[in-house]
Amino acid sequence: MRETSGKFRKIGILGGMGVEATLELMKRVHATTAAEDDQDYIPMFVDMNPQVPSRIAHLIEKTGPDPGPVLADMAIRLEQAGAEVLAMPCNTAHLYASEIEASVGIALLNMPKLACSEVAQGMTRGAIVGILASPATDITGLFGNFLSEFGIATAYPENEADILASIRRIKKSGPSDADIALLEREAKALAQLGAEKVIIGCSEFSLISKDIQSPVLVLDTLDVLVRAIVTFSGARAKADIRIP
């Protein structure tokens, strides 16, 4: 007897940061799930809220309002709708994770934390991981703090202005060949700095992560979150998809 969706735990998605990244998360969850009919897919409640205040304006430019209360309100709505765990396809927004978790009685699948734990597997203390992400994650130590627990150092692109411009360009008009070329150059530069692996730590960059040619292994945080969602839900993953 096949399982039905009533046996799957429900996922609440704090979305809209950005919209295309949220849609990509849902698409990858769908593509990862083994299903024969609609009832075999994972139930998700999605709060698609592009009006969440800019994380860049608040964290880097120091000009915008705090996104934390808005994210907390979204989490409350998702829990009230029946979500049993939360997921958020925006790495930078995880800097407000404590505020989100304090507002509800369910957990948040912490995408950067999960990715750092996964990328650290097989690495020795003192190794370096390159981070292709918003400069806000460098300033705040989002990935660095998690990786330091494993004794691993981080390296960021020197030209953060180009990285930030690329993120904004992708949000506005979608990714282009220029964005792919930028990330390939930066991945190569990070490898030359000693990075043994590279994390794609921005969900806008996740949209083109599969197109990036890199001299070292590249781990996309969005893929890590997808695997965590499928595992938590209790749904079956396709045989060719690795679920930790």
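The values are calculated or read from the model by the stated rules, or taken from the named source; none is laboratory data. It should be emphasised that the depicted structure is a prediction, and the values quoted were computed from it without experimental measurement. Don't worry about glycine lacking a Cβ; one is built from the backbone with ideal geometry, like all the others, and counts go over all protein chains shown.
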Applying the selection to segment 163-177, what residues are under 15 Å from Leu132 (Cα atoms) and surrounded by fewer than 16 Cβ atoms within 10 Å (Cβ to Cβ)?
Ala165, Arg168
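Considering only segment 165-186, state which residues are over 14 Å from Ile212 (Cα atoms) and of a type in the set (S, T, N, Q). Give the steps one after another, and end with the answer.
Step one: of segment 165-186, the residues over 14 Å from Ile212 (Cα atoms) are 165-174.
Ser166, Ser173 - these are the residues of segment 165-186 that are over 14 Å from Ile212 (Cα atoms) and of a type in the set (S, T, N, Q).
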Residue list for segment 118-153, filter: in a loop (DSSP other than H, G, I, E, B), touching a Gly at 6+ places or on another chain (Cβ under 7 Å) and crowded, with 22+ Cβ neighbours inside 10 Å
Ala133
Scanning segment 106-117 for residues that are under 10 Å from the mean Cα position of the chain (by Cα) and in a helix (DSSP H, G or I), which turns out surrounded by the fewest Cβ atoms within 10 Å (Cβ to Cβ)?
Leu114
Per the list (1) hydroxyl-bearing (Ser, Thr, Tyr); (2) crowded, with 17+ Cβ neighbours inside 10 Å; (3) free of Cβ contacts under 8 Å to residues at least 40 places away in the same chain, residue check on Thr221 breaks on (3)
For segment 17-32, give me each residue that is closer than 11 Å to Ser203 by Cβ, touching a strand residue (DSSP E or B) at 6+ places or on another chain (Cβ under 9 Å) and surrounded by 20 or more Cβ atoms within 10 Å (Cβ to Cβ).
Ala21, Thr22, Leu25
Any residue in segment 134-153 that's farther than 25 Å from Leu182 by Cα: show its pairings with residues that are surrounded by fewer than 22 Cβ atoms within 10 Å (Cβ to Cβ) and charged (D, E, K, R) at Cβ separation under 6 Å, as long as the two are six or more apart or on different chains.
Phe146/Lys113; Gly151/Arg125
Looking only at residues in segment 130-160 that are aliphatic (A, V, I, L, M) and at pLDDT below 95, which one is nearest to Ile208 (Cα to Cα)?
Ala136
Let me spell it out: the conditions are (1) part of a helix (DSSP H, G or I); (2) in the same structural domain as Ile56 (by TED's automatic domain parsing); (3) out of contact with any strand residue (DSSP E or B) (no Cβ under 6 Å at 6 or more places or on another chain), and Glu101 meets all of them except one. Which number is the exception?
(3)
Could you list all residues from segment 173-211 that are of a type outside the set (A, V, I, L, M) and touching an Asp or Glu at 6+ places or on another chain (Cβ under 6 Å)?
Ser206, Ser209
Tally up the residues in segment 76-102 that are of a type in the set (A, V, I, L, M) and under 17 Å from the mean Cα position of the chain (by Cα), please.
8
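If you check Ile199 against the conditions, is it within 17 Å of the chain's Cα centre (by Cα), in a helix (DSSP H, G or I) and among the hydrophobic types (A, V, I, L, M, F, W, C)? Can you show your working first?
On the way: within 17 Å of the chain's Cα centre (by Cα): yes; in a helix (DSSP H, G or I): no; among the hydrophobic types (A, V, I, L, M, F, W, C): yes.
Answer is no for this residue.
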